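The values are calculated or read from the model by the stated rules, or taken from the named source; none is laboratory data. Model, not experiment: these values are computed from the prediction. Here the Cβ is made from the backbone with ideal geometry for all residues, glycine too, and neighbour counts use every protein chain on show. Ligands, DNA and RNA are excluded from the accessible area calculation, which covers all protein heavy atoms including side chains. Shrake-Rupley method; radii C 1.70, N 1.55, O 1.52, S 1.80 Å.
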Amino acid sequence: MRRFKLHTGYAESYEITKENYESEVRGRKDFTYIGVDGVRRSFAICPACDNPIQLIGLYKKLENTDRPYGRHYNRDTKIAKHNEQTYRFCPYASHSYHVTKESLKEEITEYEKSIYEGARDYFDLAAYVINQDTGIYISQKLAARILDGYLAGQGYMYYWATQYNLPWMLLYFMGEIPCYGLLVKKDCDLWKYFSTREDVLLQHSYVEGYDRIDKRDYFLNLNLVFLLHNRKVIDDRVKETIELNVTTTEKNKRLPKVEYKKTLSINEYRFPNFVCNVKYRNTGLLKLAAERLPELS
């Protein structure tokens, strides 16, 4: 991996360089120390799974690469404990599993709890990211539906759920919803698609800059669903996506027909860094999230 963080949880991440590491660690002994073998080792935390990592090549030129990198350190350190479950499903771990939305972990650890608590404590920020990526306004009604779907589906226990992909996993576990009544930002890709449909009427909404999806006839046969969550590591960087689908249901057909789709990229540093640097919060959405996502027993 090419980035590190210094704290577990929703913490900012940094590119692995000698300069970044030294400026952020500032000589703290818990991060860099000499082992019983006399070798100096530098540690940090994996930005994807909260496990300890050892930084390789910070102070010694490597034969196979000219760039330092992070490698999982499968033992407890002074800055983080090793969590085998989260390590096994970390995108940077060298394991391969067939994963579906129904693939849920058997044991809830502190890491899964932190994802769940993030869904509650940072839901307004996740909603902001969702709005940016999709153009869909997260009303109180839609927010309730997203939160209820996430809780019912135990999205925090999904094998590929992480702290960084929380906004998109909220959408993934939302399930299929009607397009009728959605508020969509004017001139975004989704709005442009709806503007081409003869069965859709775009009405001015109570939110400035957004139109409400209405029907021209007695029924609008359009639904929204997020599918095909995929991830892989290329050149030590996670490439992760999810697909937005607008579908119709045809009579006597078992599967819905896809009318429109758009692939959304999931940046593994975007959401945690946003959480660490945000200045303004939406108290209405936070209150709703606190009501819909109770404390885990």
Quick check for me: using +1 on Lys/Arg Cβ and -1 on Asp/Glu Cβ, what's the dipole size of the chain about its Cα centre, in debye to the nearest 20?
400
Mind ranking 104-110, 131-137, 277-283 by how tightly packed they are, going by the mean number of other C-beta atoms within 10 angstrom, highest first?
131-137, 104-110, 277-283
Extent along principal axes [Cα atoms of the stretch 211-275; Å; largest to smallest]:
50, 30, 14
Quick one: Debye curve from the alpha-carbon atoms of the stretch 85-124 only, equal weights, vacuum; give me log10 I(q)/I(0) at q = 0.25 Å⁻¹ to two decimals.
-0.99
For a bin width of 5 Å, list the pair-distance distribution of the stretch 10-50 built from all Cα-Cα distances, rounded to whole %.
5, 20, 28, 26, 15, 6, 1
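Evaluate the stretch 36-139: find the radius of gyration of its Cα atoms, find its Kirkwood radius, and give the ratio Rg to Rh.
1.07
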For the chain, build the charge dipole from Cβ charges (+1 Lys, Arg; -1 Asp, Glu) around the Cα centre, then report which of Y111, Y97, Y260 sits farthest towards its positive end.
Y97
Rounded to the nearest Å, what's the spacing between the alpha carbon centres of the stretch 58-93 and the stretch 141-220? Just the number, please.
38
Which value, to two decimals, describes the C-alpha radius of gyration of the stretch 127-210 once divided by 2.2 N^0.38 Å?
1.18
Dipole of the chain (Lys/Arg Cβ +1, Asp/Glu Cβ -1, origin at the Cα centre): which of G155, G9, L142 lies farthest to the positive side?
G9
Which whole-angstrom value gives the distance between the alpha carbon centres of the stretch 11-44 and the stretch 250-282?
35
State the volume of the convex hull built on the alpha-carbon positions of the stretch 1-89, expressed per residue in Å³ and rounded to an integer.
102
Ordering 210-218, 159-167, 85-93 by per-residue average of other C-beta atoms within 10 angstrom, highest first, gives 159-167, 85-93, 210-218
Test item: Cα-centred dipole of the stretch 64-127, Lys/Arg +1 and Asp/Glu -1 on Cβ, debye
300
Accessible-area order for V233, V207, largest to smallest, probe 1.4 angstrom, reads V233, V207
Per the Kirkwood formula on distinct C-alpha pairs, the Rh of the chain is how many angstrom?
21.0
Sorting check: for 261-274, 243-256, which peptide has the highest mean count of neighbouring beta carbons within 10 Å, and how do the rest follow?
261-274, 243-256
Cubic angstrom per residue, convex hull over Cα atoms of the stretch 150-297:
180
